[in-house]
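A short write-up of the structure that comes next.
The values are calculated or read from the model by the stated rules, or taken from the named source; none is laboratory data. On a predicted model such as this, the values are computed, not experimentally measured, just so you know. Every residue, glycine among them, receives a Cβ derived from its backbone with ideal geometry; neighbour counts consider all protein chains shown.
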Amino acid sequence: MEEVQIRDKKFKVFLPEEQVLARVQEIADQISRDLAGKKPLLIVVLNGAFIFAADLMRRLSLSCEISFVRMSSYVGTSSTGLVKQLIGLKEDIEGREVIIVEDIVDSGLTMQELLAILSAKHPKAIHIASLLVKPGNLKVGLDIEYCCFKIPNDFIVGYGLDYEGEGRNLRSIYVISEDGATD
Ligand code: IMP
Ligand code: MG
């Protein structure tokens, strides 16, 4: 089994590139059917979702636009904990069909905050497309309409996802090897 070393950890292939791309095609077909006749705006959460977004958008058979945003890592505190801020959205989304494109939903807290921020701008609808979801870690209820793969709670890199900034260029999706696990 092919293993790669990234910094101090070893990773092995979990989802080969062909399997990822086949599933991205299925999700793209589903979105194209569901939103036929509409002109959605893809809102891509940087950095991790950039490769998924490029592959997904090229496979959509409908007119669509794209915008890239970032959730700041930390702004301040509130009774609910850390508060993040949305950076980079220039488009007016009022009345529009929006698709949030994410790399991974882990606890779901980032997605929950993003949904709250975008909902306040009165889009017609917000859909979620996430490459990966870790259902075992979800702390909030989310309707993830378009999920490519549900995965266990292990740490993943590749296809846009990183470990301390590295590994995003791996073409397949890799999981941390048991002997390289952090805990
Ligand atoms: P959440 O707010 O816990 O859902 O955090 C989601 C973010 O955590 C993602 O956008 C990733 O940046 C990061 N993340 C969560 N799990 C992984 C993983 O397995 N590999 C790489 N990044 C991850
Ligand atoms: Mg992300």
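What the table shows:
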item	result
Qualifying residue in region 28-42 (condition: under 18 Å from K121 (Cβ atoms), touching a helix residue (DSSP H, G or I) at 6+ places or on another chain (Cβ under 9 Å) and within 16 Å of ligand 2 (Cβ to nearest atom))	yes
Filter result for V83 (touching a helix residue (DSSP H, G or I) at 6+ places or on another chain (Cβ under 8 Å), surrounded by 17 or more Cβ atoms within 10 Å (Cβ to Cβ), touching a residue at least 12 places away in the same chain (Cβ under 8 Å) and closer than 30 Å to P152 by Cβ)	no
Options S107, S67, S61, S72: the member that is within 30 Å of V20 (Cα to Cα) and free of Cβ contacts under 8 Å to residues at least 24 places away in the same chain	S72
Residue list for region 125-170, filter: among the aromatic types (F, W, Y) and assigned to a strand (DSSP E or B)	Y146, F149, Y163
First in region 131-143 and of a type in the set (G, A, S), second anywhere and surrounded by fewer than 16 Cβ atoms within 10 Å (Cβ to Cβ) and modelled with pLDDT of 95 or more, Cβ under 6 Å, 6 or more apart	G136/N153
Extreme residue, surrounded by the fewest Cβ atoms within 10 Å (Cβ to Cβ), among residues of region 54-73 that are in a strand (DSSP E or B) and within 14 Å of ligand 2 (Cβ to nearest atom)	R70
Those residues of region 1-53 which are within 22 Å of V175 (Cβ to Cβ), of a type in the set (A, V, I, L, M) and part of a strand (DSSP E or B), in sequence order	V4, I6, V13, L15, V45
Residue, surrounded by the most Cβ atoms within 10 Å (Cβ to Cβ), within region 107-124, restricted to residues that are of a type in the set (D, E, K, R) and outside any helix (DSSP H, G or I)	K121
